[in-house]
Amino acid sequence: MQYRPEIDGLRAVAVLSVVAYHVSAQLIPGGFIGVDIFFVLSGFLITSIILSEKKSTGAFSFKHFYTRRIKRILPPLWPVILCCAVAAVLLFNTENFKSFSWSAISATVFSANHYFASTTSYFHNPGDSSILLHLWSLSVEEQFYLVWPLLLLAGIKIECNDRLKLLILIGSTLLSFIGAHLMASTGRFETAAFYSLPPRAGELMIGGTLAFYQQSALKQRQLPSLGWLGLLFVLAPFVLYSHSTTFPGLTALIPCFGVVLVLSQFSKSSFVYHTILGNTYAQYIGKISYSLYLWHWPLLALPRYLYGDLSISALISLVSVAFLLSHLSWRYLELPIRQSSLSMRGAILYLFALPTVALLLILTCRNLVPNSGISHDTTSYSERYTPFCYKHGISAECKFGDLNVQSTALLFGDSHAGHFTPFWDSLGTRLGIAIDAFSAQTCYPMIDQDRTRPSVDPSIKDKVNCPPHLELIENIIDNYDIIILAASWSIYTDGPRAPRTFNFFQQLERQLTYLNSHGKKVVIMAQVPWFIDRQIETYQNRQGIPIEKLRNLLNPTKPGIPNFKARTEVQLVNERLLQISSRFPDTIVMTSSNTNPASAFLDEQLIYANSDHLSPPGSIALANQISDIELAAIRVFLSTVSNN
């Protein structure tokens, strides 16, 4: 196939947008669509190669095709995976090392997208320990190329005109985009839509459809003005899209179709072709774009794993190193091996089998490392304090406190209700009461009342877990004398997770009025401090480095307990909760230093699992700090009924 410089120009646009997005999403909020540009270009190139070979020779060699793919993909990939493996052995705590090992093994067999679909959300999880997260897109591509040549060649043999074949391709492509949109917009399959091949296939097929059209007997026109429109379609989403955009789906169709217009309509003599896509710098970045894509994410993620947010100078330095490594990889690995005469057998042996053995040996070396790292709870739950108890209905699995008495208290809310479950398990035992605890991710503790229906409010992120959770609570709440509400209150009072169909605090007052009027005692758990900039996570990561000398070398924290900075909005929302509860005699807010600590440490022990969740041991430790006098006051409140 004849070299087309504008393709390298588009590659440069794609990789620079992805790198900028990973440096800071504020630079280019929609920079993640660079991957979609790569998909279109890849589908176009591969389909063009297949059709050209079939047309010129009358046959197509799968052996040569996959040999070329191995020689193109694997040489720059292995240095990244192996270097990351060495870093994981030396730097990762036990849990993160296990996760890395699975991701690395998945990446070697091009199934990383399936692994990350089951473990990591691309938008809602920083993913700093997922240093191979970006390889999900490579897995999607390679899975596509296992089936696309077969389908394409089978389609060519069908005896019908090119126009009908083109319509079939267009229809199949649109079905993929529509299916992706339906999956992404429901909330239930959002992650699967992002990572899986079927909803992503349309982005590769749209490039393949263009390749088929250009090599068909159909009449084609050159309209350079449409090329300008295509460039607009490509560039505008960089600014207009963000992590909150429903994606992929029909939103992805816009930049993908823009790439198609650019490829099909820009004349080689046009100003844009020479100035934007055809200039020397764009061509060079396009040539190293694959290696740059591979190197940039681990170089950004590893320092963030250890130190959190990085300075501008550090980010510039890391991106510069990524460019240097990418040039070396392109010059001394990509070009020589791609142009070599290595056979398929040799490619499988030297480019797949031997590096795979090397990877397994490196991962095995972890067992030889004297691990003295401190293990921290990285989640707010353990097996006993499992979230989403509503899946089990009313069962012993969700009962805590004094298990010898009937449950009289109900604890419900979002993940903060989950992290307070150990607290009430311990406190309930001391009080002699049993508590049924139910929690659902990002689901505020609001039941439906009258015309206000929190269960269907569009601000609820997890639309799978929350509605049945709230429905369960609504059905059983009358069975309890004590209602305990817990939530990350501050996220529901402002921002994208704030309710859109009702005022949060007004609804809380309505709920308190209802509960108190029905003889319920209500305990509102004040929100614990929320520590900014992932300070707790990076502290845990450094403490988990297995080798003591390396841990001391890389740990900038001064001796003693680190002083983390908390968000001010949490204190403000707790004050608002106090104001509201003061108007309801049968409602209290637990705001003592025990349930709302001013530090992430208690007796020099970290009591947080992450920036805003207590660990199970930390939650229990806070309960144990409650004095007998405070306990007596709580017992009196819970056992008396107001006459007001």
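The values are calculated or read from the model by the stated rules, or taken from the named source; none is laboratory data. All values derive from a computational prediction rather than experimental measurement. As a convention, Cβ positions derive from the backbone with ideal geometry for all residues, glycine included, and neighbour counts pool all protein chains shown.
Considering region 489-528, and only residues there that are in a loop (DSSP other than H, G, I, E, B) and free of Cβ contacts under 8 Å to residues at least 40 places away in the same chain, the residue that is surrounded by the fewest Cβ atoms within 10 Å (Cβ to Cβ) turns out to be G495. Would you mind stating whether H22 is at pLDDT 95 or above, of a type outside the set (D, E, K, R) and either in the same structural domain as G278 (by TED's automatic domain parsing) or assigned to a helix (DSSP H, G or I) (or both)? Considered against the rule, which asks whether it is at pLDDT 95 or above, of a type outside the set (D, E, K, R) and either in the same structural domain as G278 (by TED's automatic domain parsing) or assigned to a helix (DSSP H, G or I) (or both), H22 comes out as yes.
Listed here are the residues, each with its yes/no results for (1) surrounded by 15 or more Cβ atoms within 10 Å (Cβ to Cβ); (2) under 27 Å from L250 (Cα atoms); (3) more than 14 Å from the chain's Cα centre (by Cα).
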{"site": "N93", "(1), (2), (3)": "yes, no, yes"}
{"site": "V109", "(1), (2), (3)": "no, no, yes"}
{"site": "D128", "(1), (2), (3)": "yes, no, no"}
{"site": "E141", "(1), (2), (3)": "yes, yes, yes"}
{"site": "V147", "(1), (2), (3)": "no, yes, yes"}
{"site": "I158", "(1), (2), (3)": "no, no, yes"}
{"site": "L166", "(1), (2), (3)": "yes, yes, yes"}
{"site": "A180", "(1), (2), (3)": "yes, yes, yes"}
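Residues of region 529-551 that are surrounded by fewer than 16 Cβ atoms within 10 Å (Cβ to Cβ) and either in a loop (DSSP other than H, G, I, E, B) or of a type in the set (G, A, S) (or both): D533 alone. When residues in region 554-571 are screened for being in contact (Cβ under 8 Å) with a residue 60 or more places away in the chain and either in a helix (DSSP H, G or I) or among the hydroxyl-bearing types (S, T, Y) (or both), 3 of them pass. For region 330-343, a residue qualifies if it is part of a helix (DSSP H, G or I), more than 18 Å from L82 (Cβ to Cβ) and either touching a strand residue (DSSP E or B) at 6+ places or on another chain (Cβ under 6 Å) or aliphatic (A, V, I, L, M) (or both), and exactly one does: L335.
Evaluation of V262 against the conditions (1) farther than 30 Å from L175 by Cβ; (2) in contact with a helix residue (DSSP H, G or I) (Cβ under 7 Å, 6 or more places away or on another chain); (3) at pLDDT below 95 shows that the sole unmet condition is (1).
Counting only helices (runs of 4 or more DSSP H) that sit completely within region 186-253, those holding 2 or more residues that are of a type in the set (G, A, S) and surrounded by fewer than 15 Cβ atoms within 10 Å (Cβ to Cβ) correspond to 224-240. The residues in region 285-323 that are free of Cβ contacts under 8 Å to residues at least 60 places away in the same chain, assigned to a loop (DSSP other than H, G, I, E, B) and in contact with a helix residue (DSSP H, G or I) (Cβ under 9 Å, 6 or more places away or on another chain) can be counted, and the count is 2. Of all residues in region 71-85, those that are in contact (Cβ under 8 Å) with a residue 24 or more places away in the chain have Cβ atoms under 9 Å from Cβ atoms of residues that are assigned to a helix (DSSP H, G or I) and of a type in the set (K, R), 6 or more apart or on another chain, in K71/R338; R72/R338; P75/R338.
Inspect all residues belonging to region 300-318 and state whether any of them is farther than 26 Å from Q543 by Cα, surrounded by 15 or more Cβ atoms within 10 Å (Cβ to Cβ) and not aromatic (F, W, Y). For region 300-318, residues farther than 26 Å from Q543 by Cα, surrounded by 15 or more Cβ atoms within 10 Å (Cβ to Cβ) and not aromatic (F, W, Y): absent. Residues in region 344-371 that are surrounded by 12 or more Cβ atoms within 10 Å (Cβ to Cβ), outside any helix (DSSP H, G or I) and of a type outside the set (A, V, I, L, M, F, W, C): N371 alone.
Restricting F400, F438 to those that are among the aromatic types (F, W, Y), touching a Cys at 6+ places or on another chain (Cβ under 9 Å) and in the same structural domain as E630 (by TED's automatic domain parsing) reduces the list to F438. In region 345-362, what residues are of a type in the set (G, A, S) and under 15 Å from C83 (Cβ atoms)? Scanning region 345-362 gives a single hit, A358.
Looking at G34, G30, G58, just one residue is among the small types (G, A, S), under 24 Å from L310 (Cβ atoms) and without any contact (Cβ under 8 Å) to a residue 40 or more places away in the chain, and that residue is G34.
Of all the listed residues (S52, S56, S17), the sole one being crowded, with 16+ Cβ neighbours inside 10 Å, in a helix (DSSP H, G or I) and of a type in the set (S, T, Y) is S17. Can we say S172 is under 25 Å from the mean Cα position of the chain (by Cα) and in the same structural domain as I254 (by TED's automatic domain parsing)? It is false that S172 is under 25 Å from the mean Cα position of the chain (by Cα) and in the same structural domain as I254 (by TED's automatic domain parsing). Regarding S439, is this residue of a type in the set (S, T, Y), within 25 Å of S121 (Cβ to Cβ) and touching a His at 6+ places or on another chain (Cβ under 9 Å)? Answer is yes for this residue. Return the residue satisfying two criteria in turn: it lies in region 112-122 and is surrounded by 19 or more Cβ atoms within 10 Å (Cβ to Cβ) and outside any helix (DSSP H, G or I), and of such residues it is nearest to the chain's Cα centre (by Cα). Within region 112-122, the match that is nearest to the chain's Cα centre (by Cα) is Y122.
Does Q579 meet the test of being free of Cβ contacts under 8 Å to residues at least 12 places away in the same chain, surrounded by fewer than 14 Cβ atoms within 10 Å (Cβ to Cβ), over 23 Å from A440 (Cβ atoms) and of a type in the set (S, T, N, Q)? Spelling it out, Q579 is indeed free of Cβ contacts under 8 Å to residues at least 12 places away in the same chain, surrounded by fewer than 14 Cβ atoms within 10 Å (Cβ to Cβ), over 23 Å from A440 (Cβ atoms) and of a type in the set (S, T, N, Q). Please specify each residue of region 601-629 satisfying the condition of being assigned to a helix (DSSP H, G or I) and more than 23 Å from Y385 (Cβ to Cβ). D628, I629, listed by residue number. Here I28, I46 are screened, and the one residue that is assigned by TED's automatic domain parsing to the domain that holds L294 and in a helix (DSSP H, G or I) is I46. Identify the single condition in (1) in a helix (DSSP H, G or I); (2) surrounded by fewer than 16 Cβ atoms within 10 Å (Cβ to Cβ) that A598 does not satisfy, given that it satisfies every other one. For A598, the failing item is (1). Residues of region 23-48 that are within 16 Å of I285 (Cβ to Cβ) and in contact with a His (Cβ under 8 Å, 6 or more places away or on another chain): G31 alone.
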